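Inspection log for the structure reproduced underneath, given as structure tokens.
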Amino acid sequence: MRLPLPRIYPLTDVNISGLSHVEQVIRLSEGGATLIQLREKNSAASDFFIEAQKAVIAARERGVRVVINDRVDVALALRADGVHLGQDDFPAEAARDLLGPEAFIGFSTHSVEQASQAARFRIDYLAFGPIFATTSKTNSEPVVGLEKLREVRRRVGNLPIVGIGGITHDNARSVIEAGADSVAVISVLLAKPNQISAQTQRLISLLEQY
Ligand code: 3NM
């Protein structure tokens, strides 16, 4: 295990923010984010590569770690800090073999069974969600809720857990209290692009006491 997960883990979203990945990285890091996932579900690999490269450079200049959603090839080529994989993405174990022991690898799970299984992989954290209802992900899985999160916490030993889905300033503490180490968020930080830094700062200070 490398560096511990920060309490907040923002994901970029060009549609929700209306901003490029690099601009989102700049604003999120100005607000205090230290780990950011670049998530791109629409653009061509060639376009995403260029955008991600700019974002990785900006992140590096600011001492921020960057994880690439889904694209192991992009993560490898850009020497990003790691990759985040979904259930149907490139297999996590194969990603570990490709990226090496230092890469930061996360894996999405949507049920207690998936989470228990994921705990056997060589991953750095598992994401569990959606904890609450979300409109940020198309074809989102059914809501899992806080009780299932508590169960996952009991089952996966000390593997770090990232709660995701519908997390806001109002419910973020409950996610940490239920056993998540970190909250992954999109819309609460990005929906108002000129408030990204302020909302990031606000969420970090809200979770500071834990
Ligand atoms: N993955 P927001 S929920 C990208 O359940 C993503 O794995 C989820 O966005 C999962 O913070 C989700 O705006 C969307 O709800 C998170």
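The values are calculated or read from the model by the stated rules, or taken from the named source; none is laboratory data. Computed from a prediction, not measured in an experiment: that's the story for all the values here. In this analysis, Cβ positions are derived from the backbone assuming ideal geometry, glycine residues included, and neighbour counts consider all displayed protein chains. Keep in mind that these areas ignore ligands, DNA and RNA; they rest on the heavy atoms of the full protein, side chains included. Shrake-Rupley method; radii C 1.70, N 1.55, O 1.52, S 1.80 Å.
Observations on the model:
- When residues of segment 145-156 are limited to those that are in contact with a strand residue (DSSP E or B) (Cβ under 9 Å, 6 or more places away or on another chain) and open to solvent by 50 Å² or more (accessible area, probe 1.4 Å), the one farthest from L35 (Cα to Cα): K148
- Scan of segment 157-210 for residues that are over 17 Å from the mean Cα position of the chain (by Cα) and aliphatic (A, V, I, L, M), ordered by number: A178, A198, L206
- Matching residues, segment 131-144, being surrounded by 15 or more Cβ atoms within 10 Å (Cβ to Cβ) and either more than 8 Å from the ligand (Cβ to nearest atom) or assigned to a helix (DSSP H, G or I) (or both): V143
- Count of residues meeting criterion [surrounded by fewer than 24 Cβ atoms within 10 Å (Cβ to Cβ) and of a type in the set (S, T, Y)] in segment 1-27: 2
- Residues that are charged (D, E, K, R) and touching an Asp or Glu at 6+ places or on another chain (Cβ under 6 Å) do occur in segment 67-79, at least one of them.
- Test: residue in segment 162-172 that is open to solvent by 30 Å² or more (accessible area, probe 1.4 Å), of a type in the set (V, I, T) and within 15 Å of the ligand (Cβ to nearest atom): yes
- Looking across segment 9-24, the residues that are within 11 Å of the ligand (Cβ to nearest atom) and touching a Lys or Arg at 6+ places or on another chain (Cβ under 8 Å) come down to L11, T12, D13.
- Flag if G157 is on the phi > 0 side of the Ramachandran plot and either at pLDDT below 95 or hydroxyl-bearing (S, T, Y) (or both): yes
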